[in-house]
Amino acid sequence: SPVLIHVLTKKGFGYAPAELDPSRFHGIGKFDPATGAALSTSSKTYSDVFGETMMELASENKRVCAITAAMPGGTGLLKFREAYPKRLFDVGIAEEHAVSMAGGLAKQGMIPVVALYSTFLQRSYDQIIQDVALLGLHVVFAIDRAGLVGEDGPTHHGVFDVGFLRQIPGMTVLCPANFEELRHMLRWAVNDCTGPVAVRYPRGNACFGTQSTFNGDPSGIYANNSAKDAVATLITYGSIAAQANAAVEKLAEKDLSVRMLTLNSVTHFSEDSMIDLVCGKHVFVVEEICSGSGISETITMCLQKQNISCKVHALDLGLDFVPHGHTSGLYKQTGLDCDSITDYISEVLLHEN
């Protein structure tokens with residue numbers, strides 16, 4: 001006959017520091033096993049900046065609320081939960097319900113911000129289309145852990161969201177490259193956008209610059225230089241711009257001038273502006289996504305429509321699932337670290353000449 005076993009678990013059971021602070025020990029760095037104390041002081045992260053900005057937005061507008069799926073700590077919403085307990089909805093491990101609920105709240109006049117990891121947002125793809133985008137509802141998706149996440153392994157890398165969000169009608173996808181851009185883009189997404197909008201940002205603190213180039217226009221493109229002697233163009237977005245910019249600086253030391261264009265959005269960038277800014281016969285598109293889900297093909301088609309003769313090179317993570325490992329090592333393994341980008345562009349340009 002059937003036997004039902006009901007097991008009640010306690011997170012961290014048997015190790016006192018973890019029992020007292022289970023959320024911190026869910027994903028922990030190096031620590032002293034005798035005390036549980038962290039061995040290094042962690043610096044501010046994108047999740048922290050998101051949480052701080054959400055606190056400001058909630059204080060300014062009572063319609064702002066937050067939804068997460070069992071990750072209020074990981075998404076930076078613990079202080080928000082304390083300050084606005086009736087405006088933070090933790091639905092448990094139910095991302096599908098989180099998105100449908102956000103659609104219902106938006107339909108009733110609230111401004112819901114759905115804070116999920118990129119890899120877990122995949123679970124709610126149908127709800128994003130049916131319960132939000134199809135109805136043109138103003139739901140903000142705060143997509144944490146976009147890109148590589150290191151030691152959490154292949155199940156947690158956020159490398160598919162660009163592909164599946166770009167194809168949804170009416171969706172705006174913003175890609176901050178530093179903390180200030182996250183603040184400004186999140187503010188615009190909450191206060192000024194009218195339909196579904198996503199802001200995707202990485203784990204950790206990798207930043208390209210410290211100032212925001214976002215002025216409220218998703219179609220904006222930032223050019224790192226206006227040099228007329230640029231022999232090629234590099235196009236990128238988000239935090240991988242830090243690796244790309246370092247490569248551009250190394251190329252300059254080799255007397256190879258490459259213009260770098262950083263996009264605010266992967267859905268709304270201005271094709272006319274991009275065409276005006278493209279230099280040389282080669283365009284290198286650097287993206288922290290799996291092959292085939294990025295914007296390199298869109299850029300190729302854009303250039304072809306204008307009869308611009310350029311070869312577009314897609315530098316991304318490749319077709320395979322990205323394995324477990326430290327982020328810096330994974331960048332090198334997939335060819336997206338500074339040195340690999342530099343070597344690839346150098347080889348192409350020197351061969352051309």
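The values are calculated or read from the model by the stated rules, or taken from the named source; none is laboratory data. This one's a predicted model, so the numbers in the text were calculated from it and none came from an experiment. Glycine gets a Cβ as well: all are built from the backbone with ideal geometry, and neighbour counts include every protein chain shown. Please note that ligands, DNA and RNA were not included when accessible areas were found on the heavy atoms of the full protein model with its side chains. Shrake-Rupley method; radii C 1.70, N 1.55, O 1.52, S 1.80 Å.
Overview of results
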{"quantity": "Mean separation of Cα contacts under 8 Å (6+ apart) over length of the chain, as relative contact order %", "calculated": "13 percent"}
{"quantity": "Student exercise, the chain dipole from Lys, Arg, Asp, Glu Cβ charges, in Debye to nearest 20", "calculated": "840 debye"}
{"quantity": "Computed E for Gln306/Leu8 - FRET, C-beta separation, R0 56 angstrom, nearest 0.05", "calculated": "0.30"}
{"quantity": "Within the accessible area of the chain (1.4 Å probe), percent carbon and sulfur", "calculated": "53 percent"}
{"quantity": "Rounded Å value of the spacing that divides the Cα centres of segment 203-273 and segment 106-128", "calculated": "29 Å"}
{"quantity": "DSSP H segments from the chain that extend 15 Å or more along their own axis, Cα-based, with Kyte-Doolittle mean of -0.5 or above", "calculated": "46-60, 95-107, 179-191, 241-253, 338-352"}
{"quantity": "Relative contact order (percent, whole number), segment 289-335, Cα cutoff 8 Å, 6+ residue spacing", "calculated": "43 percent"}
{"quantity": "Max mean-square fluctuation residue, GNM over the chain, Cα-Cα springs under 10 Å, options Tyr222, Tyr117, Tyr46", "calculated": "Tyr222"}
{"quantity": "Exposure of Tyr237 as accessible area (Å², to 10), given a probe of 1.4 Å and all protein chains", "calculated": "10 Å²"}
{"quantity": "Cut-off 10 Å between beta-carbons: net charge of the residues surrounding Thr233, Lys and Arg +1, Asp and Glu -1", "calculated": "+2"}
{"quantity": "DSSP bridge pairs, the chain: antiparallel proportion in percent, nearest 5", "calculated": "15 percent"}
{"quantity": "At most 15 other Cβ within 10 Å, DSSP loop - GluC sites (Glu not before Pro), segment 130-185", "calculated": "none"}
{"quantity": "Extended-chain gain in nm, criterion 0.36 nm per residue less alpha-carbon gap, His313 and Ala16", "calculated": "101.7 nm"}
{"quantity": "Extension gain (nm, one decimal) between Glu249 and Asp229, 0.36 nm per residue minus Cα-Cα", "calculated": "5.7 nm"}
{"quantity": "Whether the chain is rounded, prolate or oblate, judged on the alpha carbon gyration tensor where a/c under 1.5 counts as rounded", "calculated": "prolate"}
{"quantity": "Å² per residue, accessible surface of the chain at 1.4 Å", "calculated": "48 Å²"}
{"quantity": "Nitroxide proxy distance, nm - points 7 Å out along Cα→Cβ at Phe321 and Glu96", "calculated": "2.1 nm"}
{"quantity": "Two-site label geometry, Val348 and His268: point separation in nm, points 7 Å out along Cα→Cβ", "calculated": "2.9 nm"}
